[in-house]
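Laboratory data are not the source of any read-out in this text; all were calculated from the coordinates shown. Small disclaimer: the values here were computed from a predicted structure and weren't measured. Cβ sites come from the backbone with ideal geometry, for glycine too, and all protein chains shown count toward neighbours.
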Amino acid sequence: MLAPTLLLVAGLVVLTIAGHLLVEGAVRVALLARVTATVVGLTVVAMGTSLPELAVSVGAALEHATDIAYGNVIGSNIFNIAVILAVAALVHTIPVPGQTIRLEYPFMVVASFVVLLLARDGVVDRLEGVFLVVALVSFVAYVVRLARQATAPDDTRELAERLERTVARAGGRARAWRISAVMVALGIVGLGAGAEMMVRGAVTIAEAWGISQRVIGLTIVAMGTSLPELATCVVAAARKEPDILLGNLVGSNIFNVLGILGIASLITDVRVHPAAIAVDNWVMLGFAVVLFPPMAWGRSVTWRNGLFLLTGFVAYVTYLAVTTL
């Protein structure tokens, strides 16, 4: 067990460094592209930090291990909200932008519900995969277009001031673009490599205990592949970058259910475990729905909300342990 444990520790170190690089690079890209940090969080950061989930689910689909492919998607979405957002809220209260409440978060809830409906017959087939991928592309294009058109005058002035400082520190706009691109690229690659090391070590340990593929996908694999989001969001919370934080989590969840599940089902029909239909899908949807009222009314995610989410996650993992072992 020594080698898998060392792999887990090494992966955590890589993830921490990569999280810093990706957040800093993403903020700079947002300034240089004259778009809000929310858009960058929903696109570059969200998709970049979801690459481990994509790699694992596609690999599992190629091996016809669809319980791992599907469980990874559902488990990652649960972990993102119930643990990562909760931990970030314990670090610092997270203000919620108006557009997140009006558009991105409701879309995430709807996407979770759509996947629940598609999985009711026990399979997500290729035609449904095409629908999911097209929905993702359409949503991202709409959000980017909307954000560019809806930038307020105050936001424009703030962006201009921050852009001027960023360009001055880098020694020119062209050099600032190169530095930012390298930081984002290194962050994404580092997150993927770190997650791969942690997942490999975790799966080796889990398999030694005889845990089912569904539970491995929902827990060990999902938590491992979600560590890039955890590293990125804790860094964003500490740096008080709520737009990057929420954009990353919401975007990752949307990308998981629409992009990753969609791509995996294009490779092969993804069979859905009966327990996932009866329990796991509803847990994913429940965590998404229960957080919406405090976000809409309080316009923030507080430490109390985080504690509530963490308690629910512990209860769910306890249920998995009791019903599996």
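Each peptide among 73-79, 301-307, 173-179 gets the average number of other Cβ atoms lying within 10 Å of its residues, and from highest to lowest they stand as 73-79, 301-307, 173-179.
Spatially, region 280-311 and region 170-242 are offset by 23 Å when compared through their Cα centroids. The packing ranking, built from the mean of other Cβ atoms within 10 Å per residue, places the peptides 260-271, 110-121, 228-239, 185-196 in the order 228-239, 260-271, 185-196, 110-121, highest first. Stokes-Einstein diffusion of region 283-325 at 10 °C, 1.306 mPa s viscosity, Kirkwood radius from Cα pairs, rounded to a whole number: 139 µm²/s. How tilted is helix 105-118 with respect to the longest principal axis of the chain? Cα atoms for both, answer in degrees (0 to 90, nearest 10). Helix 105-118 sits roughly 20 degrees off the main axis of the chain.
Farthest towards the positive end of the charge dipole of the chain, among the residues 251, 109, 319, is the Cα of 251, using unit charges on the Cβ of Lys, Arg, Asp and Glu. Calculation over all alpha carbon pairs of the chain in 20 angstrom steps from 0 returns a P(r) of 34, 58, 8 percent. Across the chain, C-alpha contacts under 8 Å between residues 6 or more apart give a mean separation that, scaled by the residue count, equals a relative contact order of 46 percent. In angstrom, the C-alpha Rg and Dmax of region 200-325 are 16.1, 46. Normalised by the number of residues in region 179-285, the average gap of Cα pairs under 8 Å and 6 or more apart makes the relative contact order 19 percent. For region 239-287, the gyration tensor built on C-alpha atoms gives an oblate shape. Its axis ratio a/c (a ≥ b ≥ c) is at least 1.5, and a/b is not larger than b/c.
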